[in-house]
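Peer 1: Quick one: structure below, then a few questions.
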Amino acid sequence: MIPVAKRPTQVLKDFEMNDVKNGEKTMTLISIEGRIYESQNVADVDQPLIYFYKKGKESSHLKAPAGRVQMDTHAVETWGGVTVVSADSSTLTTERLRYDPVKQKIFSDDAVHLEKPDSITDGIGLETDPDLVTVKIGHQKVRFKKGMSS
C-alpha cells in the first residue's frame, strides 16, 4: 500500500462513487466518509459497502472496515476483514481484497473462505467474478455439505 499525504485534500461525508462500463453501472461504492488525497489520486474510505451489478441487477455486495479507491481507475482495495455475499447467498470472507474494474474481477493473496449453498472451500489466493460464480482459489480444500438434495 502506498503511503498517502498526511492531510486529505477533501473530506466527504456519505462518499459515493459509481463505475460504469458501456453505459451500464457495474459497481457502486458507498462509505460513511471518504478522504481524498488529490496528489496521489486516491480516496481512503471508512466502512465501504460496494454493490456489484451484472446486466443491471445487483449480483453481490462487499463489506469491509476500511478501503482505498484509485480515483482515476476506480480500482478498490479493502481490508480488515472483508465479506462478499452473492445473490445466491454464497459468502466469501478474507482479510484483504482488491477489485479490478477493467477485468471486473476480485483478487486476494490472503487466506480465503468461500461458503456456497452446497460446499465450503478454504484456500490461499483468489480470483473471481464479483458474483462468485467463476472462482479460482489456490491451495484449496473443498468440503461438501451433507444432506443436500440434487
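The values are calculated or read from the model by the stated rules, or taken from the named source; none is laboratory data. All values reported here derive from a predicted model rather than from experimental measurement. Every residue, glycine as well, gets a Cβ built from its backbone with ideal geometry; the counts of neighbours run over all protein chains shown. Accessible surface is based on the protein model in full, side chains and every heavy atom, while ligands, DNA and RNA are left aside. Shrake-Rupley method; radii C 1.70, N 1.55, O 1.52, S 1.80 Å.
Peer 1: Which of the residues spanning the range 11-31 are part of a strand (DSSP E or B) and either over 19 Å from Gln47 (Cβ atoms) or in contact with a His (Cβ under 9 Å, 6 or more places away or on another chain) (or both)?
Peer 2: Once the filter is applied, which keeps residues that are part of a strand (DSSP E or B) and either over 19 Å from Gln47 (Cβ atoms) or in contact with a His (Cβ under 9 Å, 6 or more places away or on another chain) (or both), the range 11-31 yields Met17, Asn18, Asp19, Val20, Lys21, Glu24, Lys25, Thr26, Met27, Leu29.
Okay, residues lined up against (1) hydroxyl-bearing (Ser, Thr, Tyr); (2) touching a residue at least 60 places away in the same chain (Cβ under 8 Å); (3) within 23 Å of Leu132 (Cβ to Cβ):
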| residue | (1), (2), (3) |
| --- | --- |
| Glu16 | no, no, no |
| Asp19 | no, yes, yes |
| Gly23 | no, no, no |
| Thr26 | yes, yes, yes |
| Glu33 | no, no, no |
| Gly56 | no, no, yes |
| Pro65 | no, no, yes |
| Met71 | no, no, no |
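Peer 1: In a strand (DSSP E or B), touching a strand residue (DSSP E or B) at 6+ places or on another chain (Cβ under 8 Å), open to solvent by less than 20 Å² (accessible area, probe 1.4 Å) and touching a residue at least 60 places away in the same chain (Cβ under 8 Å) - does that describe any residue in the range 40-50?
Peer 2: Within the range 40-50, none of the residues are in a strand (DSSP E or B), touching a strand residue (DSSP E or B) at 6+ places or on another chain (Cβ under 8 Å), open to solvent by less than 20 Å² (accessible area, probe 1.4 Å) and touching a residue at least 60 places away in the same chain (Cβ under 8 Å).
Peer 1: A further question on this structure: Which of the residues belonging to the range 103-126 are open to solvent by 60 Å² or more (accessible area, probe 1.4 Å), within 17 Å of Ser59 (Cα to Cα) and not basic (Lys, Arg)?
Peer 2: Result: Gln104, Glu115, Pro117.
Peer 1: Moving on. Can you find even one residue in the range 83-100 that is more than 10 Å from the chain's Cα centre (by Cα), free of Cβ contacts under 8 Å to residues at least 24 places away in the same chain and loosely packed, with under 15 Cβ neighbours inside 10 Å?
Peer 2: The answer is no, given that none of the residues of the range 83-100 is more than 10 Å from the chain's Cα centre (by Cα), free of Cβ contacts under 8 Å to residues at least 24 places away in the same chain and loosely packed, with under 15 Cβ neighbours inside 10 Å.
Peer 1: On to the next question. Kindly indicate whether Asp72 is more than 23 Å from Met17 (Cα to Cα) and among the charged types (D, E, K, R).
Peer 2: no
Peer 1: Next question. Just checking, which of Arg35, Arg68 is modelled with pLDDT of 95 or more, part of a strand (DSSP E or B) and open to solvent by 40 Å² or more (accessible area, probe 1.4 Å)?
Peer 2: Testing whether each residue is modelled with pLDDT of 95 or more, part of a strand (DSSP E or B) and open to solvent by 40 Å² or more (accessible area, probe 1.4 Å) leaves just Arg35.
Peer 1: In the range 22-55, what residues are aromatic (Phe, Trp, Tyr) and more than 16 Å from the chain's Cα centre (by Cα)?
Peer 2: Tyr37, the sole residue that qualifies.
Peer 1: Would you say Met71 is hydrophobic (A, V, I, L, M, F, W, C) and out of contact with any Pro (no Cβ under 7 Å at 6 or more places or on another chain)?
Peer 2: yes
Peer 1: Let me ask something additional. Return only the number of the condition from (1) closer than 18 Å to Ala64 by Cβ; (2) open to solvent by 50 Å² or more (accessible area, probe 1.4 Å) that His139 does not satisfy.
Peer 2: Failing condition for His139: (1).
Peer 1: For the range 100-150, please list each of the strands (runs of 3 or more DSSP E) lying entirely inside it that holds at least 1 residues being farther than 27 Å from Leu29 by Cα.
Peer 2: The strands (runs of 3 or more DSSP E) meeting that bar are 119-128, 141-144.
Peer 1: Moving to a separate point now. Yes or no: the range 136-150 includes at least one residue that is touching a strand residue (DSSP E or B) at 6+ places or on another chain (Cβ under 7 Å), closer than 23 Å to Asn18 by Cα and not hydroxyl-bearing (Ser, Thr, Tyr).
Peer 2: No: zero hits.
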